[in-house]
Amino acid sequence: MSAQNPVFIPGPTNIPEAIRKACDIPTMDHRSAAFGPIFEAAKAGVKKVLGTTSGEVVLFPATGTGGWEAAVTNTLSPGDRVLAARHGMFSQKWIDLCQRHGLDVQVIEAPWGEGVPLEAFAAALAADTDHAIKAVLVTHNETATGVTSDVSAVRAEMDAVGHPALLMVDGVSSIGSMDFRMDDWGVDLAVAGSQKGFMLPAGLAIVGISPKALAAMDAGGLPRCFFDFRDMLGGIYPYTPPVGLICGLAASVEMLLGEGLTAVYARHHRIAEGVRRAVDAWGLSPCAVSPALYSDTVTAIVMPEGVDGNALVRHAADAYGVAFGAGLGAVAGKVFRIGHLGSMTDVMALAGIATAEMALADMGVPVALGSGVAAAQEYYRNTRSVPDAAAA
Ligand SMILES: *Cc1c(COP(=O)(O)O)cnc(C)c1O
């Protein structure tokens, strides 16, 4: 792996120089007057990125998985029923976490490559007239398959039958790179991690909590200590915070908000569309079964029969020093993934597309060198986002 090359894995993502520098600070006393404003700025910026004014934000020294655990253990009680779909590795792991906490998970199986099965969710919610379901889990962006689900549609179904369950959303690979609207979509718990859209090293679980989730916390909960929201909501940490990462987070949200969230999301859509055009030019297809599900942060590409996607990922690392995402779980070997979230430009994406193209050719896939790059170039030059210097 060459440190000069960007990574094309869907997390951890490339770290911009300004954020790397912001993380690199001498020891700071987290109880000093200097840390408070940085901590508050980081949380205020995260609220904007989450799209919440009414919710709270907590930052645990953990990863996205810790964010799932915090969301679940603070608001659900032993044996509570939760509704979840299994349609990829991350939705599967969240289900597993709930089961290990003794929750009664009503699992709806959906093909990997599909989104959240809205009709099955609607039927399950409508059938639950005594409101045994206490939480509905949605993986906004299933990173294993490159599928984005419609969170607002799930909220609409819950509202249509007046279902009072909490809506918990895993936004680990969407938040910060794709549109996310915690308040508008009625999301009660939003989970993110530092090493994806926030462009930081791994080490922070970021959780948005709605007022309704706070009320559920007061009414119940599972055994918890390290992840107890109540200890975190006092404004100071109950233990030693990762000060460097929080300084980095303050820089990250400043960068995202400085670019403008609409512009950030448009950038990722445009980059992703170029990647998809390249995939099409190679004669390959995304794992996501329909365009409405295509993720703007990661593209999982179905391998031709007889070619192992994980071997391709190993080869790209060995031969070119570039990291792509391997296939996970049920799609291991069947797909490889190009991550294009976080710090990414069209020029970086072109390098990733060119490298993927070489690796595919090396593996015997009949792609014409330059075909995917040309398709992406054509799209990028026709949708340029940098103002034309000559026209100015
Ligand atoms: C990466 C990821 C996770 C897990 O996050 P960790 O930070 O590795 O614990 C969970 N959900 C999704 C959708 C992810 O992409």
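The values are calculated or read from the model by the stated rules, or taken from the named source; none is laboratory data. Owing to the predicted nature of the structure, the values given are computational and were not obtained by experimental measurement. With ideal geometry, Cβ positions are generated from the backbone for all residues, glycine too; neighbour counts draw on all protein chains shown. The area values use the complete protein model at the heavy-atom level, side chains included, leaving out ligands, DNA and RNA. Shrake-Rupley method; radii C 1.70, N 1.55, O 1.52, S 1.80 Å.
Of all residues in segment 336-371, count the ones that are touching a residue at least 40 places away in the same chain (Cβ under 8 Å) and under 19 Å from the mean Cα position of the chain (by Cα).
The total comes to 10.
SER2 fails exactly one of the following numbered conditions: (1) open to solvent by less than 60 Å² (accessible area, probe 1.4 Å); (2) at pLDDT 95 or above; (3) of a type in the set (Gly, Ala, Ser). What is the number of that condition?
Evaluating SER2 over (1) open to solvent by less than 60 Å² (accessible area, probe 1.4 Å); (2) at pLDDT 95 or above; (3) of a type in the set (Gly, Ala, Ser) leaves (2) as the failure.
Working carefully through the options GLY66, GLY88, find the one that is within 16 Å of the chain's Cα centre (by Cα) and more than 20 Å from VAL107 (Cα to Cα).
Exactly one residue qualifies, and that residue is GLY66.
Take residues that are touching a Cys at 6+ places or on another chain (Cβ under 9 Å) and tell me which of the helices (runs of 4 or more DSSP H) falling wholly in segment 188-300 contain 1 or more. First the steps, then the outcome.
Numbers: elements: 211-219, 229-232, 243-259, 261-281.
Passing ranges, in order: 229-232, 243-259.
Could you check how many residues of segment 92-109 are open to solvent by less than 50 Å² (accessible area, probe 1.4 Å) and within 23 Å of ASP159 (Cα to Cα)?
Here the count works out to 3.
Out of all the residues in segment 125-152, which are among the hydrophobic types (A, V, I, L, M, F, W, C) and open to solvent by 20 Å² or more (accessible area, probe 1.4 Å)?
Correct list: ALA126, ALA127, ALA132.
How many of the residues making up segment 240-256 are more than 14 Å from LEU204 (Cβ to Cβ) and open to solvent by 20 Å² or more (accessible area, probe 1.4 Å)?
So the count comes out to 2.
Residue by residue, here is whether (1) modelled with pLDDT of 95 or more; (2) in contact with a strand residue (DSSP E or B) (Cβ under 7 Å, 6 or more places away or on another chain); (3) open to solvent by 10 Å² or more (accessible area, probe 1.4 Å); (4) not in a loop (DSSP other than H, G, I, E, B) holds:
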residue: ARG337; (1), (2), (3), (4): yes, yes, yes, yes
residue: MET358; (1), (2), (3), (4): yes, no, yes, yes
residue: PRO366; (1), (2), (3), (4): yes, no, yes, no
residue: LEU369; (1), (2), (3), (4): yes, no, yes, no
residue: GLU378; (1), (2), (3), (4): yes, no, yes, yes
residue: VAL386; (1), (2), (3), (4): no, no, yes, no
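Picking from ALA70, ALA34, which residue would you name as being open to solvent by 20 Å² or more (accessible area, probe 1.4 Å) and aliphatic (A, V, I, L, M)?
Details: ALA70 fails: open to solvent by 20 Å² or more (accessible area, probe 1.4 Å).
Answer to the selection: ALA34.
I'd like to check something: does segment 321-334 contain any residue that is without any contact (Cβ under 8 Å) to a residue 12 or more places away in the chain and either open to solvent by 40 Å² or more (accessible area, probe 1.4 Å) or over 16 Å from PRO12 (Cβ atoms) (or both)?
no
One residue is enough: does segment 113-127 have a residue meeting the conditions touching a Lys or Arg at 6+ places or on another chain (Cβ under 8 Å) and either outside the structural domain of ASN74 (by TED's automatic domain parsing) or away from the ligand (no atom under 13 Å from the Cβ) (or both)?
Within segment 113-127 (the criterion being touching a Lys or Arg at 6+ places or on another chain (Cβ under 8 Å) and either outside the structural domain of ASN74 (by TED's automatic domain parsing) or away from the ligand (no atom under 13 Å from the Cβ) (or both)), the answer is no, since none of the residues qualifies.
Is there a residue being out of contact with any helix residue (DSSP H, G or I) (no Cβ under 8 Å at 6 or more places or on another chain), part of a helix (DSSP H, G or I), within 16 Å of the ligand (Cβ to nearest atom) and in contact (Cβ under 8 Å) with a residue 24 or more places away in the chain anywhere in segment 30-48?
no
Where the second residue is in a loop (DSSP other than H, G, I, E, B) and within 12 Å of the ligand (Cβ to nearest atom) and the first is in contact (Cβ under 8 Å) with a residue 12 or more places away in the chain and lies in segment 53-82, which pairs have Cβ atoms under 6 Å and are six or more apart or on separate chains?
Listed pairs, sorted by first residue: THR63/ALA202; GLY64/VAL172.
When you scan segment 167-186, do you find a residue that is part of a helix (DSSP H, G or I), surrounded by 20 or more Cβ atoms within 10 Å (Cβ to Cβ) and either within 10 Å of the ligand (Cβ to nearest atom) or modelled with pLDDT of 95 or more (or both), even just one?
no
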